[in-house]
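Supplied in structure tokens, the structure appears directly below.
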Amino acid sequence: MKSPVNSFLERIYASCKNEDSGNLADYIPELASVDPHRFAISLCTPDGTVYSAGDCDALFSIQSISKPFVYALALRECGYDTVMAAVGVEPSGDPYNEASLQEGTGRPDNPMINIGAIATHGVLRETVGWESIYSGLCEFAGRELEIDEAVYESEVNTGWRNLALASLVRANGIFDADPHDVFAGYIRQCAAKVTVNDLSVMAMTLASGGINPVTEERVIPEWVARQVLSVMTTCGMYDAAGDWLTGIGIPAKSGVGGGLVGALPGQVGISAFSPRLDSYGHSVRGVKAFQKMSEQLNLHIMATPASTVEAVSQRSTTLEGDTLIEIQGVLDFSTTEMVLRHLEQIEQDDSDIVFDVSFVSAIPTVGGELMAEALRRLAAEGHDITIVDPHGRLPHKITARFDLLEERPEGYVDGLEIQEWEQA
């Protein structure tokens, strides 16, 4: 069977491809000559599966979409305090090329506008150099990227405003490097050539907490991914960020090369490419495609999630009087709290407890911490605890303290009914 996801993307592509409004970024000579009819969309899932439609092999310059990824590299290499001293995280409310600086500090408002991205590049460049910035972008993409030298030359020879912004940031002491070098390096990062499939993989790397879904290598720490996605949510779409967040609701970043990228935490990386831009500098077809995908796939970050599944699938007792607690789903805070309420009902005696997490799909840190404390308290009350954890979901600090079974006890039928175990 061919996945319906392919057909879904084809329908989105077909519904947007005839949108011809917008203009090319003609203030950059090399971008003024690109084919305005090219269009592609792509999705990447947490396991690295990539779906695409349209001109998915077309290469284009990443431009400002490089900003969140270089910001991530700066956080990884320089640390939170150093980066925050150089650039803030507040929405500017201004166009992307404004000299938006905070009073008193002289810091750019955020790293998603040009002046903030230049500051970020300058701080990172002083720490690791250009080659590390380039290799970091390749890590996000999961392959070796090339630099479009023609685009680079076109921008570096006409980008007087960006050079002025670099000089302004240097004058404020944000970095110590020559502003000409920082400006040129920033333009070079923007000239990296990508496809929509590259961008959806890069986005999914952010959405996966920093692990590239294709290479399975950790690119950035989880806290860095969270920081970057937060800033993308509030600042990534410039002075249209509010309309984007309320209407489409996907942390996103655009580029004047026609690219558009979005990352929905834990779910999907999305990208689109079409060179005609609206007044904010966003791809017209890309915005339309994102809007349709958000609506039809319920991808808005503020959408009400489905009702949480009952975390305790069954509570039973054995013929010997032992208590069986069978858990299912993801043990995040809300589901773990359900489990804790069930555990509160266990009487303070010397009965044995079998704690079965065979059907638990994931245990985030908060769930592991709460369960560790709950089981510690049950043991302190005199209960002997056996854990059934065939998939190794529970942290070692829990399983090391109690008896551990690596397969389910006899008597289960498809994990739903019990033959020798009586329903409580």
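The values are calculated or read from the model by the stated rules, or taken from the named source; none is laboratory data. The model shown is predicted, which means the values in this text are computed figures rather than measured ones. Reconstructed Cβ throughout: ideal geometry from the backbone, glycine too, with neighbour counts over all protein chains shown. All accessible areas refer to the heavy atoms of the entire protein, side chains included, with ligands and DNA or RNA removed. Shrake-Rupley method; radii C 1.70, N 1.55, O 1.52, S 1.80 Å.
Mind putting a number on the dipole of the chain about its Cα centre? Charges go on the C-beta only, +1 for Lys and Arg and -1 for Asp and Glu, and I need it in Debye to the nearest 20.
With Lys and Arg at +1 and Asp and Glu at -1, about 1740 debye.
For residue 250, enumerate residues with amide H under 5 Å from its amide H, sequence gap 5+ or separate chain, H modeled in the peptide plane.
301
With the full set of protein chains in place, find how many percent of the accessible area of the chain is carbon and sulfur; take the probe as 1.4 Å.
Here carbon and sulfur together make up 47 percent of the probe-accessible area.
Beta carbons within 10 angstrom, averaged per residue: use that to sort the peptides 343-356, 240-253, highest first.
Per-residue Cβ counts within 10 Å, averaged per peptide and sorted highest first, yield 240-253, 343-356.
Which angle from 0 to 90°, rounded to the nearest 10, does the C-alpha axis of helix 365-380 make with the longest principal axis of the chain?
Taking Cα atoms only, the helix is inclined about 20 degrees.
In addition: Would you mind checking the tilt of helix 179-190 against the longest principal axis of the Cα atoms of the chain, expressed as 0 to 90 degrees and rounded to 10?
60
Order these peptides, 195-205, 285-295, 50-60, by their mean beta-carbon neighbour count within 10 angstrom, highest first.
195-205, 285-295, 50-60
Only bridges with both residues in the chain count here: give the DSSP antiparallel percent, nearest 5.
Details: 37 of 52 bridges.
Percentage antiparallel, nearest 5: 70.
Under the rule of at least 5 residues apart or a separate chain, name every residue whose amide H is placed under 5 Å from the amide H of residue 386.
353, 354, 355
Residue by residue through segment 25-33, which ³J(HN,Hα) values in whole Hz follow from phi under the Karplus form 6.51 cos²θ - 1.76 cosθ + 1.60 (θ = phi - 60°), with glycine and proline marked x?
6, 6, 6, 10, x, 5, 7, 6, 10
If amide hydrogens are placed 1.01 Å from N in the peptide plane, which non-local residues have theirs closer than 5 Å to the one on residue 102?
Residues meeting the amide H criterion: 107, 109.
Which value at 222 nm does the chain reach when only helices count, each DSSP H run of 4 or more adding -39,500 (n - 2.57), with the total divided by all residues and rounded to the nearest 500 deg cm²/dmol?
Estimated from H runs of four or more residues: -12000 deg cm²/dmol.
Quick one: 3J(HN,Hα) in Hz for segment 198-212, Karplus 6.51/-1.76/1.60 with θ = phi - 60°, rounded, Gly and Pro as x.
4, 5, 5, 5, 4, 5, 5, 4, 5, 5, 8, x, x, 9, 5
Translational diffusion coefficient of segment 61-182 at 10 °C, 1.306 mPa s, Stokes-Einstein with Kirkwood Rh over Cα pairs, in µm²/s as a whole number.
Rounded to a whole number, D works out at 109 µm²/s.
Still on this model: How tilted is helix 160-171 with respect to the longest principal axis of the chain? Cα atoms for both, answer in degrees (0 to 90, nearest 10).
Tilt relative to the chain: about 70 degrees.
Further question: Excluding same-chain residues fewer than 8 positions from residue 193, which lysines have a Cα within less than 22 Å of its Cα?
67, 253
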